[in-house]
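The values are calculated or read from the model by the stated rules, or taken from the named source; none is laboratory data. The structure presented is a predicted model; accordingly, all values stated were derived computationally and were not measured. Neighbour counts are summed over all protein chains in view; Cβ atoms, including those assigned to glycine, are modelled from backbone coordinates with ideal geometry.
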């Protein structure tokens, strides 16, 4: 019989699961997570995990708001092999369903029944975007000392309590998706290293058993701190699997990423806030030379199925810049079926002779629609000053981008630490300018037409066991 364990906050079931550090036996994931507009197609996924010695049949049903026949959205029976996981997925249009809802998961195996739920707020809109920052990238320590000069010394001193303050500051302004930019640092690029022959000498941001190097930060395991605080607040965390080397999707990079992903899932997969995976290597929008294009397609054609084996419902995300899309369409048609989320950046600063930002965004949206891939925006909340230092971008630029690019399901920004700081934080990387941007954005959030319809503290996800 397949034993289920769901992510029920403050439950004895959760406590027992946490002691064993085992991932939840059943999970429910919405892509994108709440809140969303009524202009999107929601991707609803669920997974069951079997720790037993024999295959087990699991019946799963998903409902909207009430567990009754009229509210059934999807029903499916899956066979979960021993010591493995299996998922289900389906799409559901939000049009005409404005308001507060719950997506309910019913799961049954061997006479045992468990229920999971995710909150869902659907906002009326004329575009896909909520025109809000849904979350942010988070550097635990910026990889480039020159760019990170205004805040790296402060990040290095962050204590566990101060990382928790930062997570709470994000939550206070509805930035509930937290993307850890990279969990290893190795500031080199494709073609500029000899990792295959000399070994990997990057530094980890957590107590990795794979490699001995450590990033110079005070908190020994900031990932555990961030995941646990996000659990408490009902937030979503995507660890950045990287960095092997920027722009490098070679076979050596693939093997390295599989090792790191396996370790991350073993260490942190039990956290309810573990939302998905981010691959940190980035890429130009044109995807490089023909050789590079072939590498990145091959990389994700193998890596995404590998991640599905660990966590079938967790999305895989890649960030690229917005330049040179035109001419790379055929490669995207091969790549995007292996990506759940594409998160491009830089539409407001397209190079001379390239497509205007709106046209580039529209082209990428059409390619993602064709492949069934989700398109999110990585909005830049920084400007370069003083020889490439990263400084907070004036709020007018953020608002302009939020208004200008309305086709993105979710908008994240790069980044929160060093560019935004709450006045309540005892350590404020980036100083007064970061506090100003945080307060300016909070003011925008309180007055923006769509944002005004969303509570600053949305309902937390929860699961529960049937009586």
Is there any pair with a first residue in segment 439-457 that is modelled with pLDDT under 90 and a second that is loosely packed, with under 11 Cβ neighbours inside 10 Å and part of a helix (DSSP H, G or I) whose Cβ atoms are under 9 Å apart and which are 6 or more apart or on different chains, and what are they?
446/452
Could you list all residues from segment 426-445 that are crowded, with 19+ Cβ neighbours inside 10 Å and in a loop (DSSP other than H, G, I, E, B)?
428, 429, 430
Looking for something in contact with a helix residue (DSSP H, G or I) (Cβ under 8 Å, 6 or more places away or on another chain), modelled with pLDDT of 95 or more and part of a helix (DSSP H, G or I) - is there at least one such residue anywhere in segment 382-397?
yes
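Output the residues belonging to segment 205-219 that are closer than 11 Å to residue 141 by Cβ and touching a strand residue (DSSP E or B) at 6+ places or on another chain (Cβ under 6 Å). Spell out the reasoning first.
Residues of segment 205-219 closer than 11 Å to residue 141 by Cβ: 205, 214-219.
Across segment 205-219, the qualifying residues are 214, 215.
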Could you tell me whether segment 315-329 includes any residue that is assigned to a helix (DSSP H, G or I), out of contact with any helix residue (DSSP H, G or I) (no Cβ under 6 Å at 6 or more places or on another chain) and at negative phi?
yes
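Those residues that are over 19 Å from the mean Cα position of the chain (by Cα) and modelled with pLDDT of 50 or more, I need them from segment 1-46; list them, please.
Taking segment 1-46 and keeping what is over 19 Å from the mean Cα position of the chain (by Cα), we get 1-6, 8-22, 25-26, 38-39.
The answer is 21, 22, 25, 26, 38, 39.
Among the candidates 309, 242, 285, 294, which residue alone is assigned by TED's automatic domain parsing to the domain that holds residue 377, touching a helix residue (DSSP H, G or I) at 6+ places or on another chain (Cβ under 9 Å) and surrounded by fewer than 20 Cβ atoms within 10 Å (Cβ to Cβ)? Walk me through how you get there before you give the answer.
Numbers: 309 fails: touching a helix residue (DSSP H, G or I) at 6+ places or on another chain (Cβ under 9 Å); 242 fails: surrounded by fewer than 20 Cβ atoms within 10 Å (Cβ to Cβ); 285 fails: surrounded by fewer than 20 Cβ atoms within 10 Å (Cβ to Cβ).
The unique qualifying residue is 294.
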